[in-house]
Structure formats: C-alpha cells, structure tokens
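The values are calculated or read from the model by the stated rules, or taken from the named source; none is laboratory data. Just so it is clear, the structure is predicted and the values come from calculations on it, not from any experiment. Neighbour counts are summed over all protein chains in view; Cβ atoms, including those assigned to glycine, are modelled from backbone coordinates with ideal geometry. Please note that ligands, DNA and RNA were not included when accessible areas were found on the heavy atoms of the full protein model with its side chains. Shrake-Rupley method; radii C 1.70, N 1.55, O 1.52, S 1.80 Å.
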Amino acid sequence: MIIIGEKINGAIPAIAEAIEKRDRALIQKRVIDQEEAGADYLDVCAGTSPEMEYDALCWLIDCVQEVAAKPICIDSPNPQMLVKVFPKLQMPGLMNSISLEGDKCEVILPLLKDNPDWGVVALCCDQNGVANDWKKKVKNAEILVGKGCFLWHSSCTDAY
C-alpha cells in the first residue's frame, strides 16, 4: 500500500492562509508531521485561483523540498500546470492526477514517458465525470492502461 499525505493543499483553510502569508514554518511542520505518520509521498496542491497557482505551487515545492525526505505527489486540476512546475521537482514522485477528462492524457503522458521513474495517480473518469456503473469505471481504467498510464516503476504498481 502507498500512503499519500494530503495535508499540503490550499483547499484546507490553514494551508490557504499559510500560502497567502508565505508561512514556511507551518508548511514545513506539515511535511514533517506527515512523514513521521508514515506518508510515502507528500501531495502538494496550491488550491488557489488559476492566476496565482504557478507562484503558489513553486513556493510550496520549495518549502517542501527543503525539509522532505519523501517525494512529492504534485497536484493540480490543470495538466499544463503540472508540466510547467515539473522542472522544479528534485526527485521522481507522482503526478496527481490523470483521467480521460479534457486533454489530461495528451498533456501528461508524454512527460511521464520521458520520465519513467515517475508514477501517476489515475482516475477512472471521462468527459462525463465519474461513472456510476462499475463496468464503465473498469472500461475507463482499461483505456487509461492502453494509453500507457501504468508504465511506471515497480514500487507504484499498487497506486491505482
């Protein structure tokens, strides 16, 4: 089982405030707390408005990497943002997330294929959102696998 710490996310009010105030100490305490609790990856999501996301994500990545022993699971609803901040990441981690929605596969898969030590969190949704029918979810998973979403290092084979 892979544990992803989810406490560095701008959707959490205390983290949103820390991002706004650039409170490095609070962010880094969350990193240490999650690692001590057993997280294998640290999810980093700015959760800000689109026009503020790049600066916020860059700042968060820097804060996290200064103290983290564990890799980052970089998270954004915007796949282009994941590509844009990718060069800042110092060690292989996870992309969160890919799905059949929009152009996520077309944007993220080339980056993952060029960086085979990276993994991906894949969601079995499509242009219609999350399927209510398990057969549709399985079909979406098969499509994602067929596109190459699970060509990653062996330690991540249970992450889907």
Notebook entry, point to check: Heavy-atom accessible area per residue, segment 11-160, 1.4 Å probe: how many Å²?
Noted result: 52
Check: Which distance in Å, rounded to a whole number, links the C-alpha centroids of segment 101-129 and segment 17-83?
Finding: 20
Note to self: Please compare each pair in Lys29/Lys88; Lys88/Lys137; Lys84/Lys104 to a cut-off of 25 Å on the Cα-Cα distance and tell me which ones are over it.
What the structure shows: Lys88/Lys137
Item checked: Cα-based Rg / Dmax (Å) for segment 57-119 -> 11.5, 35
Check: Can you give the FRET efficiency for Ile143 and Ala11, using 1/(1 + (r/R0)^6), R0 = 35 Å, r = Cβ-Cβ distance, to the nearest 0.05?
Finding: 0.80
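Hey, with R₀ at 45 Å, roughly what FRET efficiency would Asp23 and Lys136 work out to, going by the Cβ-Cβ distance, to 0.05?
Details: r = 43 Å, r/R0 = 0.95.
Working from the Cβ atoms, E equals 0.60.
For the chain, what is the calculated [θ] at 222 nm in deg cm²/dmol (nearest 500), taking -39500 (n - 2.57) for each run of four or more DSSP H residues and dividing by its residue count?
Value at 222 nm, helices only: -14000 deg cm²/dmol.
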Check: Using a Gaussian network model of the chain with C-alpha springs under 10 Å, which one of Val83, Val120, Val44 is most mobile by mean-square fluctuation?
Finding: Val83
Margin query: What distance in nm separates the two pseudo spin-label positions at Met91 and Asp33, each 7 Å out from Cα along the beta-carbon direction?
Written below: 2.2
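In the chain, what % of DSSP beta bridges are antiparallel (nearest 5)?
Working: 2 of 17 bridges.
The antiparallel proportion sits near 10 percent.
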Check: Plugging the Kirkwood radius over Cα pairs into Stokes-Einstein for the chain, at a temperature of 20 °C and a viscosity of 1.002 mPa s, what D comes out in µm²/s?
Finding: 133
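If you average 1/r over all unlike Cα pairs in segment 1-71 and invert the result, what Kirkwood radius do you get in angstrom? Write down the numbers at each step before the final one.
Values: mean 1/r = 0.0840 Å⁻¹.
The Cα-based Kirkwood calculation yields 11.9 Å.
Per residue, how much space in cubic angstrom lies within the convex hull of the C-alpha atoms of segment 30-91?
Details: hull volume 4.8 nm³, N = 62.
Normalising the Cα hull of segment 30-91 by residue number yields 78 Å³.
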Checklist line | Rounded percent of accessible protein surface that carbon and sulfur make up, segment 1-124, 1.4 Å probe | finding: 55
